[in-house]
Amino acid sequence: MSINENKIKEEITKRWDYSSQRYDTYHGHGVKSDEEAAAWKVLFKQVIPGENLNVLDVGCGTGEMSRILADMGHKVTGIDLSEKMLSVAKSKSLRDIEFRIGDAENPQFNEGKFDAVVTRHVLWTLPNPEKALKSWRKVLKPGGKVVVIDCLWDDGRLETHLKRKIGEVMIRIVERNDISKDSYTAEVNAILPNAKGVSLDKTREYMEKAGLKDVRSIGLEDLVRIQKKHMPLRYKIAYKYEYYVIYGLK
Ligand SMILES: C[S@@+](CC[C@H](N)C(=O)[O-])C[C@H]1O[C@@H](n2cnc3c(N)ncnc32)[C@H](O)[C@@H]1O
């Protein structure tokens with residue numbers, strides 16, 4: 001890793017350390033209801049249907065997806081750059097899950113260890129997404145799956161920007177939380193190829209370039225509809241929730 005890249009990763013880590021205590025309170029990040037947890041399980045069952053799988057949750061953060069996958073009976077390992085995000089994950093007494101520091105672009109595991117690599121809301125924040133996808137394929141068993149959940153939240157439209165500003169002002173007033181402080185610095189944003197989120201087409205391109213086969217995707221409209229039942233208006237205004245899941249085989 002170059003010195004510049006080291007510095008960028010330090011900045012990225014700092015940002016997530018900073019938001020770690022509030023992360024689960026954010027709608028769309030923290031799983032807010034049993035109905036939402038059940039919907040995630042239905043989705044994972046569809047995408048990775050086996051039992052007792054060895055699953056790597058890359059950029060696991062506070063472990064929300066790790067928890068769902070472990071509840072389904074899978075053996076889960078979560079890696080993240082942020083010690084503080086991992087501390088929150090560990091504090092949920094998720095005894096059967098192994099959480100450890102690790103870089104999504106260079107996971108330190110033997111080749112062919114996992115049945116599935118799952119990652120939610122992480123691809124957009126990687127300086128080298130192509131490299132990351134290749135490394136995820138490497139740690140998979142033959143026939144294993146990479147599963148990416150992400151979205152493009154800034155389509156560059158004036159309406160999107162206005163709504164975001166209005167929603168964030170409402171969040172600041174109601175929650176006394178300046179959510180814009182959770183953003184990356186301009187220096188980091190300039191390095192990230194997908195600082196505004198990753199489109200489905202772009203993710204598909206990364207996956208195919210990494211040599212993943214039979215790449216398929218599903219829109220997450222039903223899951224988002226469930227999330228929105230518990231979501232205050234300010235969050236509905238602020239953010240676009242057009243998530244997808246895309247998965248491919250080694
Ligand atoms: C938006 S959060 C997503 C957390 C979790 N996956 C979820 O679905 O709630 C992004 C996470 O990616 C982590 N992250 C960013 N860059 C990373 C990298 N290069 N390697 C590992 N984790 C990284 C951050 O520390 C943060 O916890």
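Among the residues of the stretch 44-65, the ones that are surrounded by fewer than 18 Cβ atoms within 10 Å (Cβ to Cβ) and in contact with a helix residue (DSSP H, G or I) (Cβ under 7 Å, 6 or more places away or on another chain) come to 0 in all. Between D115, D150, D103, the distinction of being surrounded by 15 or more Cβ atoms within 10 Å (Cβ to Cβ), in contact (Cβ under 8 Å) with a residue 60 or more places away in the chain and touching a His at 6+ places or on another chain (Cβ under 7 Å) belongs to D150 only.
The residues of the stretch 27-53 that are in contact (Cβ under 8 Å) with a residue 40 or more places away in the chain and either within 13 Å of the ligand (Cβ to nearest atom) or under 18 Å from the mean Cα position of the chain (by Cα) (or both), listed by number, are H27, G28, H29, K32, E36, A39, W40, L43, F44, V47, I48. A search for C-beta distances below 6 Å between a residue of the stretch 65-91 that is on the phi < 0 side of the Ramachandran plot and any residue that is buried (at least 19 other Cβ atoms within 10 Å of the Cβ) and assigned to a helix (DSSP H, G or I), counting only pairs 6+ apart in sequence or on different chains, returns I68/W40; V76/S66; V76/L69; V76/A70; G78/S66; D80/L86; S82/W16; M85/W16. Selection over the stretch 144-184 of residues that are among the hydroxyl-bearing types (S, T, Y) and either farther than 18 Å from L123 by Cα or in contact with a Pro (Cβ under 9 Å, 6 or more places away or on another chain) (or both) gives a count of 2.
Scanning the stretch 15-35 for residues that are within 18 Å of A89 (Cβ to Cβ) and either touching a Gly at 6+ places or on another chain (Cβ under 6 Å) or part of a helix (DSSP H, G or I) (or both) yields R15, W16, D17, Y18, S19, Y23, D24, T25.
Taking the listed residues G112, G61, the one that is over 20 Å from N6 (Cβ atoms), near the ligand (Cβ under 10 Å from one of its atoms) and at pLDDT 95 or above is G61, with no other qualifying. All of E159, E187, E221 fail the test of being within 16 Å of the ligand (Cβ to nearest atom) and exposed (fewer than 13 other Cβ atoms within 10 Å of the Cβ), apart from E187. Of the residues making up the stretch 12-29, those that are loosely packed, with under 14 Cβ neighbours inside 10 Å and either of a type outside the set (S, T, Y) or closer than 18 Å to N128 by Cα (or both) number 1.
Of all the criteria given as (1) modelled with pLDDT of 95 or more; (2) of a type outside the set (F, W, Y); (3) within 13 Å of the ligand (Cβ to nearest atom), the one not satisfied by K92 is (1).
Among the residues examined, I8 qualifies as among the β-branched types (V, I, T), over 24 Å from K138 (Cα atoms), within 13 Å of the ligand (Cβ to nearest atom) and touching a residue at least 12 places away in the same chain (Cβ under 8 Å).
The values are calculated or read from the model by the stated rules, or taken from the named source; none is laboratory data. It should be emphasised that the depicted structure is a prediction, and the values quoted were computed from it without experimental measurement. Please note: Cβ atoms are built from the backbone with ideal geometry, for glycine as well, and neighbour counts cover all protein chains shown.
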